[in-house]
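Working notes, structure below.
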Amino acid sequence: MVLTDVGLISHVVAAFSFASLAIAATFRQHRRMAYLLAVAAALTAGWALVFVFAVRGDAVAMRALTLAETVRSTTWIAFLLVVLRPSWQLDQRGRLSFLIAGGLGFVVALQLVLDALGVADSAQQGQQTAIGQLFIISRLTVAMSGLVMAHNLYLQSAASGRSGGRMLAIGVGGILVYDLNLYTLAFLLPPVSPDLFNIRGAANSITVPLLLLSAREAWVARVQVSRQVVFHTLSFTMIGFYLIAMAALAYGLRLAGGNWGLLLQVSFLFATIILGFVVLFSPRFRAALRVTIAKNFFAYKYDYRQEWPRFIATVSQTGTSAGTLQERVIQAVCAVVDSPGGVLLIPDDVALTPAAEWHLKAGNVAPVPHDSGMARFLASRQRVIDFDEMRADFGDYDDVILPYWAVADRRIWLGVPLIHLDSLAGFLVLERSMVDRALNWEDFDLLRTLGRQAASYIAESSTQVALDEAGKFEEFNRRFAFIIHDIKNLVSQLSLVARNAERHADNPAFRADMVATLQSSVGKMNDLLARLAPRVTARGEAVAERVALLELLRQVVAIKRLAHRPLTLHVGGDETMDGELTIFGDSGRIEQLLLHLVQNAIDASDPEAPITLTARRDGGSAVIDVADRGTGMSQRFIAQELFKPFRSTKPGGFGIGAYEAREIARSHGGRLEVESREGQGSNFRIVLPLADAALAVAAQ
């Protein structure tokens, strides 16, 4: 290597600068760290002096130059390790300490051996021998290791808002970045650049002010490691060493490839770089790396400073691309355990029913009835369910029977109850994580807490929906008041016509005017009815009177058959069941319930399509089915739209018929069930308690 006068001046400046840093650091108040900085600066100044004597022709200095560089680089890396030792908890983590010390010790020892063998001269002059390339690769490894530590220190210092640690990381990182660039160019475009080699001393001197300013703060006390920093650090480390290893293999291909060597080298390097980035950005790889970090670097598996803000940010997303709140809740919980997808079940009158899913690849998750063992377990124990434990008949699950949809499909992994105000507000089923992970108390506690938080979001959303619906009813009542006012005006007008008719009925002109007035009034009333339809009745408490259902059904069929001839009534048993199908309630509201459902069936059917009403007794309940073969409805429409007020698919409809029918059934202690398939028809089933059963319950 040609050593020039530029190199002499450059390294004289470096020797003076680092010697001054060593003296200044000795008198800083943070004595222990300052002394270590002073030692590193003094050895760097010694390396610069060795370079100066080598330029002057000293034979001993020429032989010791590469050894001095090794000592200088090793000292700065050791200094960074001491600074980072508390945050990395090296004193408590013997395995990690052994891996770091063993790895760096091996590389440094290899460099010292190569220095002793005098390999540096041939490597720096561009002689592409295997041992020469090994020397340059070892230099690259040392520089890369130091940069990883400096990167870690910088991120932690930036997070804590302390400038001293950041300046220290930039200063040491500047020294190592120069070495990395110097030897990377030497490896790819040999030999080592004489200009870069000689000017290195002056370039290193630029970092001295940063190192001097950094000595004002106690870096160790301020630096705290986080999972995000460890994740980025390990990723950065793996990229660096992967590229170094691939470059070495590419060099071997070039040596062995003859005339094709350069082509093989370039092709191999390009392919390995592409492969490296594909693996690095793979969700499975990132999940596996996070699990490895949690196992080996931290006492706890989760960084709650990161998990909570991420959970809240996911649930709080807005915009069409963010999906519904229920989908965002699934996504937020899945992200915590690296689950690829899940489904949310929400309670209705009969069961916990699937209401939303997010990237679900497992088989269909069926409803969980409220009277099943699993629903009772979730409501009473409020525990996270590990389906693997249930499949293995292990764990305290109160002998709950595993649902059929989770028996064979091993992708079904976890069940998270959503508890709000000590009641079950939902149930999350998560798919298996992208990597195998052992679950412990921390996983279950975090999932249970997230379930409670998610339940509060869902409950708040449901409350808001209820408020919105109440606002719509208020708006409807306001419009109704205006319509009543218009009707009153019409009544007044018609009353006047009726009074005048007694006196002027024989007057042809009056009769013509009366007919015009009546026609106008009829037109106005039709407009009002169109604005008001469907009719809304008062929602008071049900009148406690006996209602004969069969008689009421015959009346409804007689009325509606005028509009739809293929409407029929069938009675389970015989026509003498009138006394047996008697309920307590309001006959007017029950009639309204039946008229709503029959009219909906007529609207959904062709003129000649049959519509059947069936009445029967089932235990203590009366069961009425209204079945048609009309257009049918999708499961999504039934779950999300059918029973929502003011949502109608009919032009001019207010969309409250099905909603009102269900509320009437509920107010009588019954329920309304729906079965439908698109293109095949629908069946609305009304279940109401019979009068004798209601009396028996009241007596108890």
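Values as computed for the structure displayed
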item	result
From Ile401, Ile385, residue being in contact with a Gly (Cβ under 8 Å, 6 or more places away or on another chain), more than 27 Å from Phe637 (Cβ to Cβ) and either among the small types (Gly, Ala, Ser) or crowded, with 20+ Cβ neighbours inside 10 Å (or both)	Ile385
Residue pairs meeting the criteria (Cβ under 8 Å; at least 6 apart or on separate chains; first closer than 14 Å to Gly373 by Cα, in region 402-415; second surrounded by fewer than 16 Cβ atoms within 10 Å (Cβ to Cβ))	Leu402/Arg391; Pro403/Ala366; Tyr404/Ala366
Some residue of region 89-98 being at pLDDT 90 or above, hydrophobic (A, V, I, L, M, F, W, C) and either surrounded by fewer than 16 Cβ atoms within 10 Å (Cβ to Cβ) or under 52 Å from the mean Cα position of the chain (by Cα) (or both)	no
Flag if Ala375 is closer than 20 Å to Ala454 by Cα, touching a residue at least 24 places away in the same chain (Cβ under 8 Å) and over 11 Å from the mean Cα position of the chain (by Cα)	yes
Total residues in region 110-131, condition crowded, with 23+ Cβ neighbours inside 10 Å and within 51 Å of the chain's Cα centre (by Cα)	1
Arg629 being buried (at least 18 other Cβ atoms within 10 Å of the Cβ) and at pLDDT 85 or above	yes
Hits in region 417-447 - residues which are in a helix (DSSP H, G or I) and surrounded by fewer than 17 Cβ atoms within 10 Å (Cβ to Cβ)	Trp441, Glu442, Phe444, Asp445
Region 134-149 residues that are farther than 16 Å from Tyr178 by Cβ and outside the structural domain of Tyr178 (by TED's automatic domain parsing), paired with ones that are part of a helix (DSSP H, G or I) and hydroxyl-bearing (Ser, Thr, Tyr) (beta carbon under 8 Å, 6 or more apart)	none
Pairs where the first residue, in region 594-605, is assigned by TED's automatic domain parsing to the domain that holds Ile559 and the second is surrounded by fewer than 20 Cβ atoms within 10 Å (Cβ to Cβ) and hydroxyl-bearing (Ser, Thr, Tyr), C-beta under 9 Å, 6+ apart	Ala604/Thr631; Ser605/Thr631
Residues satisfying the stated conditions in region 165-186, i.e. crowded, with 20+ Cβ neighbours inside 10 Å, of a type outside the set (A, V, I, L, M) and either more than 18 Å from Leu81 (Cβ to Cβ) or modelled with pLDDT of 80 or more (or both)	Arg166, Gly171, Gly173, Asp179, Tyr183
Out of Ala313, Ala366, Ala355, Ala392, sole residue that is in contact (Cβ under 8 Å) with a residue 40 or more places away in the chain, assigned by TED's automatic domain parsing to the domain that holds Glu442 and not hydroxyl-bearing (Ser, Thr, Tyr)	Ala355
In region 583-621, the residues that are more than 16 Å from Leu549 (Cα to Cα) and among the polar types (S, T, N, Q)	Gln599, Asn600, Ser605
Residue satisfying all of: in region 419-442; without any contact (Cβ under 8 Å) to a residue 60 or more places away in the chain and touching a helix residue (DSSP H, G or I) at 6+ places or on another chain (Cβ under 6 Å); farthest from Gly341 (Cα to Cα) among these	His420
Failed item, numbered, when His564 is tested on (1) modelled with pLDDT of 80 or more; (2) of a type outside the set (Lys, Arg); (3) surrounded by fewer than 15 Cβ atoms within 10 Å (Cβ to Cβ); (4) over 17 Å from Glu591 (Cβ atoms)	(3)
The listed residue being within 27 Å of the chain's Cα centre (by Cα) and either in the same structural domain as Glu327 (by TED's automatic domain parsing) or within 19 Å of Ala332 (Cα to Cα) (or both), out of Val400, Val416	Val416
For Ile77: the one exception among (1) within 18 Å of Tyr178 (Cα to Cα); (2) at pLDDT below 85; (3) of a type in the set (A, V, I, L, M, F, W, C)	(2)
Residue count, region 359-382 (criterion: surrounded by 15 or more Cβ atoms within 10 Å (Cβ to Cβ) and either more than 30 Å from Leu672 (Cβ to Cβ) or among the polar types (S, T, N, Q) (or both))	3
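Listed here are the residues, each with its yes/no results for (1) on the phi < 0 side of the Ramachandran plot; (2) acidic (Asp, Glu); (3) at pLDDT 90 or above.
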position: Asp618; (1), (2), (3): yes, yes, no
position: Ala639; (1), (2), (3): yes, no, no
position: Ile656; (1), (2), (3): yes, no, no
position: Glu660; (1), (2), (3): yes, yes, no
position: Leu672; (1), (2), (3): yes, no, yes
position: Gly679; (1), (2), (3): no, no, no
position: Phe684; (1), (2), (3): yes, no, yes
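Let's see how each residue does on (1) out of contact with any Leu (no Cβ under 8 Å at 6 or more places or on another chain); (2) of a type in the set (Lys, Arg); (3) at pLDDT 85 or above:
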position	(1), (2), (3)
Leu414	no, no, yes
Glu431	no, no, yes
Met434	yes, no, no
Ala438	yes, no, no
Leu446	yes, no, yes
Gln453	yes, no, yes
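Let's see how each residue does on (1) over 55 Å from the mean Cα position of the chain (by Cα); (2) in a helix (DSSP H, G or I):
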| position | (1), (2) |
| --- | --- |
| Leu3 | yes, no |
| Phe16 | yes, yes |
| Ile23 | no, yes |
| Ala34 | no, yes |
| Ala38 | no, yes |
| Ala41 | no, yes |
| Leu49 | yes, yes |
| Phe53 | yes, yes |
| Ala64 | yes, yes |
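Listed here are the residues, each with its yes/no results for (1) within 24 Å of Val336 (Cα to Cα); (2) in contact with a Phe, Trp or Tyr (Cβ under 6 Å, 6 or more places away or on another chain); (3) not in a strand (DSSP E or B).
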position	(1), (2), (3)
Glu357	yes, no, no
Arg376	no, no, yes
Ile401	no, no, yes
Arg410	yes, no, yes
Arg452	yes, no, yes
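The values are calculated or read from the model by the stated rules, or taken from the named source; none is laboratory data. As the structure is a computational prediction, the values presented were derived from the model and not from experiment. Glycine also receives a Cβ, built like all others from the backbone with ideal geometry; neighbour counts cover every protein chain displayed.
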